[in-house]
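What follows is a set of notes on a single structure, which appears directly below.
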Amino acid sequence: MSPLGENVITLCDWVEKGGRAMFPITLEKNIYTTSIESKLGILDSSDYGAVVDSIYFEDGFMVGGGKGFPITDAYESGWAIQLDKKKVKVYAHTDDKNQLPLIWEAVHGKGKFVVCNFGICEKVTRG
């Protein structure tokens, strides 16, 4: 978000009018992200990362959905957040009792944000 700077507000206005925006990599907490958290459906966030050691895809989201997959060599590749379940639709989360959201969409006005909180981009986890 830092490269966008104050243009993040322009992006939010565009989405609100019907645009679609996707954040394909885990966001980090900073002044710009904090300013739009509620627009992304985030209720609460922390300054630290969260370990992503599994992923569960909701049934119907993609082929192989409806079950979880372990991730070997897990590390803090996600952002520790809590979503407003009334404002978002979660498509993937960790496959544990905490269910850290990993992929979700948040409606903002006439548009949508899609956020990926996965952060692991090695060959084994792509696709």
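The values are calculated or read from the model by the stated rules, or taken from the named source; none is laboratory data. What you see is a predicted model; the values in this text were computed from it and never measured. Note: ideal-geometry Cβ built from the backbone for every residue, glycine included; neighbour counts use all protein chains shown. Calculation scope for accessible area: heavy atoms of the full protein, side chains included, ligands and nucleic acids excluded. Shrake-Rupley method; radii C 1.70, N 1.55, O 1.52, S 1.80 Å.
Once phi is turned into ³J(HN,Hα) by the Karplus curve 6.51 cos²θ - 1.76 cosθ + 1.60 with θ = phi - 60°, what whole-Hz value does each residue of region 18-31 show in order, with x for glycine and proline?
Listing the rounded values in order: x, x, 10, 9, 10, 10, x, 10, 4, 7, 10, 6, 8, 4 Hz.
Within region 29-45, list the residues whose amide N lies under 19 Å from a label point set 7 Å along Cα→Cβ of GLU6.
In region 29-45, the label zone of GLU6 (backbone N under 19 Å from the point 7 Å along Cα→Cβ) covers 30-37.
With an 8 Å cut-off on Cα pairs and a minimum separation of 6 or more residues, tell me the relative contact order of the chain in percent.
Reported relative contact order: 31 percent.
Kindly state, as a whole number, the per residue volume in cubic angstrom of the convex hull around the alpha carbon atoms of region 1-53.
97 Å³
Would you mind working out the accessible area per residue for the chain, using a 1.4 Å probe, and quoting it in Å²?
61 Å²
What residue among ALA50, ASN30, ASN7 has its Cα farthest toward the positive end of the dipole of the chain, where the charges are +1 on Lys, Arg and -1 on Asp, Glu, each on the Cβ?
Farthest towards the positive pole: ASN7.
Run the simple label-point estimate for MET22 and LYS86 please: 7 Å along Cα→C-beta, distance reported in nm.
Between MET22 and LYS86, the label points sit 2.9 nm apart.
What is the total of Lys pairs in region 29-103 with C-alpha atoms under 22 Å apart, excluding same-chain pairs fewer than 8 positions apart?
Within region 29-103, the lysine pair count is 15.
Expressed as an acute angle from 0 to 90° and rounded to the nearest 10, what is the orientation of the C-alpha long axis of helix 7-16 relative to the principal long axis of the chain?
Approximately 80 degrees, to the nearest 10.
In what order, largest first, do TYR48, TYR75, TYR56 sit by accessible area if the probe radius is 1.4 Å?
TYR48, TYR75, TYR56
Given the chain, what whole percent of its Cα pairs are spread farther than 16 Å?
Of the Cα pairs, 62 percent sit more than 16 Å apart.
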